[in-house]
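Written below as structure tokens is the structure these notes are about.
The values are calculated or read from the model by the stated rules, or taken from the named source; none is laboratory data. Quick caveat, the model's predicted, so the values are computed rather than measured. Virtual Cβ from ideal backbone geometry, glycine too; neighbours counted across all protein chains shown.
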Amino acid sequence: MGIRSLLRRAVVAGSSSAAVAPIYVDADDNRVKAILAGSGSTTEVILQEAGGAAVGEVLTAARTLTAADTGKVFFLALAGGFAVTLPALAAGLNFRFFVQIAPTGDYTIVTPGAPDQTLAGQIYASSGGDEDSETAFTATTINFIAAAGAGKIGDSADLTCDGTNWYARVYVDTAGGATITG
Amino acid sequence: MSGIRSLYRGTALKGYASTISAPIYVDSDDNRVKLVPAGSGTTEVVLQEAGGAGVAEVLTAARVLTAADSGKTFFLALAGGFTVTLPAVAMGLTFKFFVQIAPTTAYIVITHADNRDTMAGQIYASAGSDEDSETAFTADQIDFVANTSVIGDSADFTCDGTNWYARGWTNAAGGMTVTG
């Protein structure tokens, strides 16, 4: 008979080896984590949930994301807007954002650092015409635009990292609802 | 010492969560890995597969989805169309749909009866035309429009626990609508 439960605690127990890959549920954020490669204890991978409270989060203030947030969907929920800062570059990191409350001040999603020019991306609008894009990794920021009510409920962005740069796909209701700037 | 070699497989989990234990099993009804990662109860979360039969399904008739279907991709495959009903709202639920057979009667993806006008959404067309949208949580369905929607049209749905966020991608102008 197979196992019936995973260890649940704040940190991984043990370290990986050629024959062992530690797995546990992190009691701090309730996500399943494993060390799938190497022989240390630092390279944890989160096993993605298909749903549940741990995979979605409503943001009402500025937030600096970490690698432990990867795979999450964030709902942006303060009319006055705020900045979300991406974590340090690492292959496979991915995040999704939806506008839950239309902004009167911009929501921004910003690369870490100065910020670093490591972002390329394209914006697609449901109506209204040609949209902003960056076809080189020279951008730093996605802006859900407050001016003239451009940013709308349901506007969204998907971000993926290749370990060196970020790739963004942004979807908006109205022309000019978002920009990618550097 | 080598690690564990298998998960318990049955129709329901064994035991319940505690501060030091998170029950995990393979549900023998749908072959998905489920666990209770939080609390002390029995609220299950599905672990998302990167591929395999458990993560995709071809639909040829109306279907009422449940939370246990979260993370799946559904392929809509009856020219005569049908309705897919989303489950009751819950944080983090996600679904994706692709048109496998172009409809002569609409495919409809509709919110649960208990949460009808809870959807905002936007449609994007390959043709570059202005498309439908709902910028408040007042819609209840996305339609893949008969005789306009084509193979490859798609939509995804995400829930924040209260409302649904829908995104639709279509080839032709008017191929999809968001309505309330």
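Summary of values
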quantity	calculated
Criterion (within 11 Å of chain A (Cβ to nearest Cβ), assigned to a strand (DSSP E or B), buried (at least 19 other Cβ atoms within 10 Å of the Cβ) and in contact (Cβ under 8 Å) with a residue 24 or more places away in the chain) met by exactly one of B:Val109, B:Val84, B:Val46	B:Val46
Residue list for segment B:119-149, restricted to those being among the polar types (S, T, N, Q) and either in contact with a helix residue (DSSP H, G or I) (Cβ under 7 Å, 6 or more places away or on another chain) or within 12 Å of chain A (Cβ to nearest Cβ) (or both)	B:Gln122, B:Ser126, B:Ser129, B:Ser133, B:Thr135, B:Thr138
B:Ala77 of a type in the set (A, V, I, L, M), touching a residue at least 40 places away in the same chain (Cβ under 8 Å) and farther than 30 Å from B:Ile20 by Cβ	no
Enumeration of residues in segment A:102-136 that are crowded, with 21+ Cβ neighbours inside 10 Å and within 12 Å of another protein chain (Cβ to nearest Cβ)	A:Ala102, A:Ile123, A:Ala125, A:Ser126
Identity of the residue in segment B:54-72, assigned to a loop (DSSP other than H, G, I, E, B) and not β-branched (Val, Ile, Thr), that ends up surrounded by the most Cβ atoms within 10 Å (Cβ to Cβ)	B:Ser70
Per-region count, segment B:4-19, residues more than 7 Å from chain A (Cβ to nearest Cβ) and touching a residue at least 24 places away in the same chain (Cβ under 8 Å)	3
Qualifying positions in segment B:20-43 - within 7 Å of chain A (Cβ to nearest Cβ) and either touching a Cys at 6+ places or on another chain (Cβ under 8 Å) or among the hydroxyl-bearing types (Ser, Thr, Tyr) (or both)	B:Ser21, B:Tyr25
Residues of segment A:154-175 satisfying the condition of being surrounded by fewer than 23 Cβ atoms within 10 Å (Cβ to Cβ), outside any strand (DSSP E or B) and within 14 Å of another protein chain (Cβ to nearest Cβ)	A:Ala175
Residue, farthest from the other protein chains (Cβ to nearest Cβ), within segment B:49-81, restricted to residues that are closer than 30 Å to A:Leu7 by Cβ and among the aliphatic types (A, V, I, L, M)	B:Ala53
Test for B:Ile101: is it of a type outside the set (Gly, Ala, Ser), part of a loop (DSSP other than H, G, I, E, B) and more than 9 Å from chain A (Cβ to nearest Cβ)	yes
Residues satisfying the stated conditions in segment B:151-180, i.e. of a type in the set (D, E, K, R) and within 12 Å of another protein chain (Cβ to nearest Cβ)	B:Asp156, B:Asp160, B:Arg167
Failed item in (1) of a type in the set (Val, Ile, Thr); (2) free of Cβ contacts under 8 Å to residues at least 40 places away in the same chain; (3) in the same structural domain as B:Gln100 (by TED's automatic domain parsing), with B:Val58 passing the rest	(2)
Entirely in segment A:6-70, the strands (runs of 3 or more DSSP E) that have 1 or more residues that are within 7 Å of chain B (Cβ to nearest Cβ) and without any contact (Cβ under 8 Å) to a residue 24 or more places away in the chain	A:23-26, A:56-59
Selection status of B:Gly92, within 12 Å of another protein chain (Cβ to nearest Cβ), surrounded by 17 or more Cβ atoms within 10 Å (Cβ to Cβ), touching a strand residue (DSSP E or B) at 6+ places or on another chain (Cβ under 7 Å) and not in a strand (DSSP E or B)	no
